[in-house]
Amino acid sequence: MNAPGNFGKVAVLLGGKSAEREISLMSGNGVLKALRAKGVDAHAFDPAERDLFDLKREGFARCFIALHGRGGEDGTVQGALEVLGIPYTGSGVLGSAIGLDKWRCKMIWLAGGLPTPRYRILSVGDAWDEVARDLGLPLIVKPAHEGSTLGLSKVTAVAQLPAAYELAANKYHDLALAEQFIAGPEYTASIVGDVALPLIRIEAPQGNYDYQNKYFTDDTKYLCPCGLPAQKEETLNALALDAYKLAGCSGWGRIDLMLDANGDPWLLEVNTSPGMTSHSLVPMAARAAGISYADLCVKILEGSHVG
C-alpha cells in the first residue's frame, strides 16, 4: 500500500446534482474523514458548487469519486477528469456509462451469455395487460439510469403499472424498464481491483430493499458470511467478476444478484461508484475480509487511473 503522502493533494468528489446527492454527501464525508485519518491530504470538492477546472488550478493530484447517479457515475465526470489529466478512482468513461445504463448493461450481459432477468422498455402507449402477460406478475418497474433503487416499484397487479411507469419515467425524467421478478434471496458481490470480496446476503423487511431500507433504517439484515456453501459462493463471485469485466468496469464496484427457487443466479445491475456510508455494503464486505474502512479507502485510491 502506498504511503499516504505519495498521493499528493486529493479531491474527494461528493454531492453533485443527481437525485442521489444526499447519499453522496454521506459517502464522501466518510471517505474524507477516513483518508485524513490515514494522513492523506484530502479535501472535499462538490461539483455542484465548484468548477471542475478548479481541480487543475488548485493542484489536485488525483480524485476519489464518491458521486452517485447521473452526472457523477455515468462517465461524464470521468471524461472531464481525463481531459484534465487527473487520475480518478473507479471505472473509466465506458464502464461508468454502461454501469448506469441498466438497459444497455443487460443487453451486453445477454449478448455475453450471462443470466439477467427478462425485461422490456415501457412507453406511455403500452398495453399494460400485455406487459404483465409477457413478464409475469409480480414484476419490477424502475428508471433505466438511476441508482439506490430510486423510482423502483414492485408491481403485483396490472392496475399498478401506470403509476409505477409514471414514477420511473416522469418523476425521474428517465426511460422506464419493466423486469421479470426473481423470487429469492438477494446477494451483492463487492469487487476491489480484480478481487471479489465475501458475498453479502440482504434480508430487507417484507423483501422490500428500497431507498429507505437501504440507507436510513436498521431493519434490513446483512449477512456476511452469507450462509452459502463455499463452492457456491466462489461460483457466484466468479459470475460477478465476469459481469463486471464484460460491462467494461474496473477499479472497484459492486454487482447485485439474486438466486431463484432453483438456486440459479440472476444478475440485477452493476454499481460503479457504490455507497460508502455506515450502511454501505462494500465496506461491510471489506471488514469481513479483514480490511478496515480507512484501509479500503486508501486501497481504492491506490487504484486511481486516467483512461
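The values are calculated or read from the model by the stated rules, or taken from the named source; none is laboratory data. Keep in mind that what you see is a predicted model, and the values were worked out from it rather than measured. Counting neighbours? That spans all protein chains shown, and the Cβs are built from the backbone with ideal geometry, glycine included.
Test Cys105 against the stated conditions and say whether it is in contact with a strand residue (DSSP E or B) (Cβ under 8 Å, 6 or more places away or on another chain), crowded, with 23+ Cβ neighbours inside 10 Å and either assigned by TED's automatic domain parsing to the domain that holds Pro265 or charged (D, E, K, R) (or both). Walk me through how you get there before you give the answer.
Working: in contact with a strand residue (DSSP E or B) (Cβ under 8 Å, 6 or more places away or on another chain): yes; crowded, with 23+ Cβ neighbours inside 10 Å: yes; either assigned by TED's automatic domain parsing to the domain that holds Pro265 or charged (D, E, K, R) (or both): yes.
Answer is yes for this residue.
Residues of the stretch 252-277 being touching a strand residue (DSSP E or B) at 6+ places or on another chain (Cβ under 8 Å) and of a type in the set (S, T, N, Q), which ones? Explain how you work it out, then say what you get.
Just the residues of the stretch 252-277 that are touching a strand residue (DSSP E or B) at 6+ places or on another chain (Cβ under 8 Å), to begin with: 252-260, 265-274.
Asn271, Thr272, Ser273, listed by residue number.
Go through (1) touching a helix residue (DSSP H, G or I) at 6+ places or on another chain (Cβ under 8 Å); (2) surrounded by fewer than 18 Cβ atoms within 10 Å (Cβ to Cβ); (3) over 23 Å from Ala66 (Cα atoms) and name the single condition Asp194 misses.
It fails just one condition, (3).
Table: residues versus (1) crowded, with 20+ Cβ neighbours inside 10 Å; (2) under 19 Å from Lys102 (Cβ atoms).
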| position | (1), (2) |
| --- | --- |
| Pro229 | no, no |
| Glu233 | no, no |
| Asn237 | yes, no |
| Pro265 | yes, yes |
| Glu302 | no, no |
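Only one of (1) more than 20 Å from the chain's Cα centre (by Cα); (2) within 28 Å of Tyr244 (Cα to Cα); (3) not hydroxyl-bearing (Ser, Thr, Tyr) is not met by Pro117, so which one is it?
For Pro117, the exception is condition (1).
Quick check on this structure: which one of Glu73, Glu82 is under 30 Å from Ala168 (Cβ atoms), acidic (Asp, Glu) and not assigned by TED's automatic domain parsing to the domain that holds Asp174?
Numbers: Glu82 fails: under 30 Å from Ala168 (Cβ atoms).
Step by step, each of Glu73, Glu82 is checked, and only Glu73 is under 30 Å from Ala168 (Cβ atoms), acidic (Asp, Glu) and not assigned by TED's automatic domain parsing to the domain that holds Asp174.
Looking only at the stretch 79-107, count how many residues are touching a Gly at 6+ places or on another chain (Cβ under 6 Å), more than 21 Å from Leu150 (Cβ to Cβ) and free of Cβ contacts under 8 Å to residues at least 40 places away in the same chain.
Result for the stretch 79-107: 1.
How do the pairs read when you match residues in the stretch 159-174 that are among the hydroxyl-bearing types (Ser, Thr, Tyr) with residues anywhere that are exposed (fewer than 13 other Cβ atoms within 10 Å of the Cβ), using Cβ under 9 Å and keeping only pairs 6 or more apart or on different chains?
Tyr165/Ser123; Tyr165/Val124
Please verify whether Gly59 is under 21 Å from the mean Cα position of the chain (by Cα) and not aromatic (Phe, Trp, Tyr), treating the condition exactly as stated. Outline the logic, then answer.
Values: under 21 Å from the mean Cα position of the chain (by Cα): no; not aromatic (Phe, Trp, Tyr): yes.
No, not satisfied.
All but one of (1) closer than 25 Å to Gly263 by Cα; (2) without any contact (Cβ under 8 Å) to a residue 60 or more places away in the chain; (3) crowded, with 18+ Cβ neighbours inside 10 Å; (4) not small (Gly, Ala, Ser) hold for Leu137; which doesn't?
(3)
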